[in-house]
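Shown next, in structure tokens, is the structure this report addresses.
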Amino acid sequence: MSSIKPLAGTAKAYCMSKSAITVTVKLFAAYQEAFRVSELVLEFPNSIPVQAVCDRLIAEHPELSQWRDITRFGINLIFVEPDTLLQDGDEVVLIPPVSGG
């Protein structure tokens, strides 16, 4: 069973220490298919790069590893490099290649 929990309802009340951050992760394409939700809320340690989000999702669903090197990242509606550090409250998107018209 997955240890990652999807966003439940609209409540966003968290009791957190200063050593952790919470980010909302929007999922698309293969990521959304694997988790069967469009959004997750995850907690991470401070000073962690956005690539760690991808790594964590792949740890939960190893079949996603084929997308690791070709996934693009966005934070708060801006494309960023994989080593960009996350901040508390960020909205992260993982965008693997998609096809269709």
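The values are calculated or read from the model by the stated rules, or taken from the named source; none is laboratory data. Please read these numbers as outputs of a predicted model, since none were measured by experiment. Every residue, glycine among them, receives a Cβ derived from its backbone with ideal geometry; neighbour counts consider all protein chains shown.
Taken residue by residue, segment 79-94 has at least one member that is out of contact with any helix residue (DSSP H, G or I) (no Cβ under 8 Å at 6 or more places or on another chain) and under 12 Å from TYR31 (Cα atoms). Tell me whether segment 61-70 contains one or more residues that are in a loop (DSSP other than H, G, I, E, B), surrounded by 11 or more Cβ atoms within 10 Å (Cβ to Cβ) and modelled with pLDDT of 95 or more. Yes: one or more hits.
For first residues located in segment 38-53 and without any contact (Cβ under 8 Å) to a residue 60 or more places away in the chain and among the small types (Gly, Ala, Ser), partners that are part of a strand (DSSP E or B) and loosely packed, with under 13 Cβ neighbours inside 10 Å and lie 6+ apart or on another chain with Cβ distances below 9 Å form the pairs ALA52/PRO45. For segment 71-93, a tally of residues being part of a strand (DSSP E or B), loosely packed, with under 13 Cβ neighbours inside 10 Å and touching a residue at least 60 places away in the same chain (Cβ under 8 Å) returns 0.
Among the residues of segment 27-51, those that are surrounded by 16 or more Cβ atoms within 10 Å (Cβ to Cβ) and among the small types (Gly, Ala, Ser) comprise ALA29, ALA30, ALA34.
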